[in-house]
Amino acid sequence: MNELETCDIFCSVVDNYGDIGVSWRLARQLANEHGVQVRLWVDDLHSFGKLCPEVDAALDEQRCRGVDIFRWASNSFAPHPQPLSRLRARGVADLVIEAFACKLPESYIEAMAAQEHKPVWLNLEYLSAEDWVEGAHKLPSPHPRLPLTKHFFFPGFTAKTGGLLLERDLLARRDVFQADFTAQKAYWRSVGVPERAAGELRVSLFSYENANVEALLRAWEEGATPVLCCVPEGRVLPQVAACFAQAAGKAGDTWQRGNLHVHVLPFVEQERYDELLWACDVNFVRGEDSCVRAQWAGKPFIWHIYEQHDGVHIQKLRALSGLYGTGVPAATHQANEALWLAWNGEGDIAEAWRAFAAQRVELECHARAWSAKLAANNLALNLLDFSREVGRIRAFEI
Ligand code: TRH
């Protein structure tokens, strides 16, 4: 099989927006940039609707931005009956992607095994900068019972990994936006945030609940540089609101203390979030997808990593920090890593912020070069190349 005309992506939303965020981004790219007919199977259309408001959570089946979207009841490990019958009628896809090791319906696996030309089956894994990823990328995993082999596909930051999701025109659009002050002014107007004041630092804050919020806001309030902080509605907002003695916050709220202004922004559809990252000087991001988008923004960023109970997340944080800091002057790298660690509970946030701010020019320069370097390794292209390779080998085996 050389041609990959159809693709099924299965996504189970564990929590937050990362699983569906990545799956939706990949689905659109395969459909709109590579002409693949994509069906996206999702078990939580409400979370999905936050990233793409056109998605109607009441529908079992719909088409949006070139992708067919199906509701999938993954918690019972069985697909919704109606889409399943349609799926049978339309057959399994040439390329089957299970996002983040979600469990495919048994009936679907049986249907894959029954095909004369077996589909290419990939497990798209979570992103990590750790060394072991290079060794695990593309490894096969034969099915214990059926004549099927699944392959692991790991996103990553080095040439021996699957790379990162990057839309074809993203960096060009970013560059146009960042060079166009009128477009930036229009953007700020559209989200109800005033124009930049001279000497001000503009920061976006997308994060989980974080024990350091108050100390960070205080450092900004008392700092010499005026800071305007944009907080999209979400998990950290109640804590930010509490710092201003507010019970809660909502889009449109603004608070001020000392040298700090806070503006609460709506949680916007996925494409529009990029503009916020492009327009700010420094971005606080979290999880997986927003962290990657901050890297494409070419601006200094601070990563709040998704916490794992055994503490391995700190190892993952250090792994990305190490890669990111390669070739960077030692003081710049140290300041960056210290702030990442402090924001994740390991260090003094106010002190780390000051050291980071002192390195901002170097960090900005590096962030730009880093995004250019990463752009050479495009996940959607790599995934299609690998799938074609697997398909070709299979064709020989028949
Ligand atoms: O939502 P997250 O915390 O998702 C996490 C991680 O992916 C983590 O690895 C995973 O294990 C866990 O979920 C279950 O963070 P992430 O990955 O950054 O996803 C957020 C998505 O929300 C991303 O696609 C960007 C998008 N977004 C918008 O579309 N609009 C917005 O206004 C904002 C702030 C974000």
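The values are calculated or read from the model by the stated rules, or taken from the named source; none is laboratory data. Since this is a predicted model, take the numbers as computed values, not measurements. Because the Cβ atoms are built from the backbone with ideal geometry, glycine has one as well, and the counts that use them run over all protein chains shown.
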| Complete set of residues in region 21-68 that are of a type in the set (A, V, I, L, M) and either within 16 Å of the ligand (Cβ to nearest atom) or more than 25 Å from S387 (Cα to Cα) (or both) | V22, L26, A27, L40, V42, L45, L51, V55, A57, A58, L59, V67
| task | Tell me, yes or no, whether region 361-384 has at least one residue that is more than 29 Å from R25 (Cβ to Cβ) and without any contact (Cβ under 8 Å) to a residue 40 or more places away in the chain. | result | yes
| task | Please list, ordered by first then second residue, the pairs with beta carbon atoms under 7 Å, 6 or more apart or interchain, first in region 163-174 and modelled with pLDDT of 95 or more, second surrounded by fewer than 17 Cβ atoms within 10 Å (Cβ to Cβ) and in a loop (DSSP other than H, G, I, E, B). | result | L166/A375; L171/A375
| Picking from V262, V268, V231, V236, which residue would you name as being away from the ligand (no atom under 12 Å from the Cβ), under 27 Å from the mean Cα position of the chain (by Cα) and modelled with pLDDT of 95 or more? | V262
| message | List the residue pairs whose Cβ atoms are under 7 Å apart, where the first residue sits in region 256-281 and is free of Cβ contacts under 8 Å to residues at least 40 places away in the same chain, the second is within 13 Å of the ligand (Cβ to nearest atom), and the two are 6 or more positions apart or on different chains. | response | V264/V231; V264/E233; V264/L237; V264/A251
| Restricted to region 296-314, and to residues that are assigned to a strand (DSSP E or B) and in contact with a Leu (Cβ under 7 Å, 6 or more places away or on another chain), which residue is farthest from the ligand (Cβ to nearest atom)? | I302
| query | F244 is checked against (1) within 16 Å of the ligand (Cβ to nearest atom); (2) surrounded by fewer than 18 Cβ atoms within 10 Å (Cβ to Cβ); (3) not polar (S, T, N, Q) and fails just one. What number does that condition carry? | reply | (1)
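To keep it simple, each residue is scored yes or no on (1) away from the ligand (no atom under 16 Å from the Cβ); (2) in a loop (DSSP other than H, G, I, E, B); (3) assigned by TED's automatic domain parsing to the domain that holds A297.
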site	(1), (2), (3)
D175	yes, no, yes
A186	yes, no, yes
R189	yes, no, yes
V193	no, yes, yes
R196	yes, yes, yes
G199	yes, yes, yes
R202	no, no, yes
N210	no, yes, yes
L216	yes, no, yes
| task | Sort through L40, L84, L51 and tell me the only one that's surrounded by 13 or more Cβ atoms within 10 Å (Cβ to Cβ), aliphatic (A, V, I, L, M) and modelled with pLDDT under 55. | result | L84
| Among the listed residues R293, R286, which satisfies the condition of being closer than 16 Å to G18 by Cβ, of a type in the set (K, R), within 13 Å of the ligand (Cβ to nearest atom) and in contact with a strand residue (DSSP E or B) (Cβ under 6 Å, 6 or more places away or on another chain)? | R286
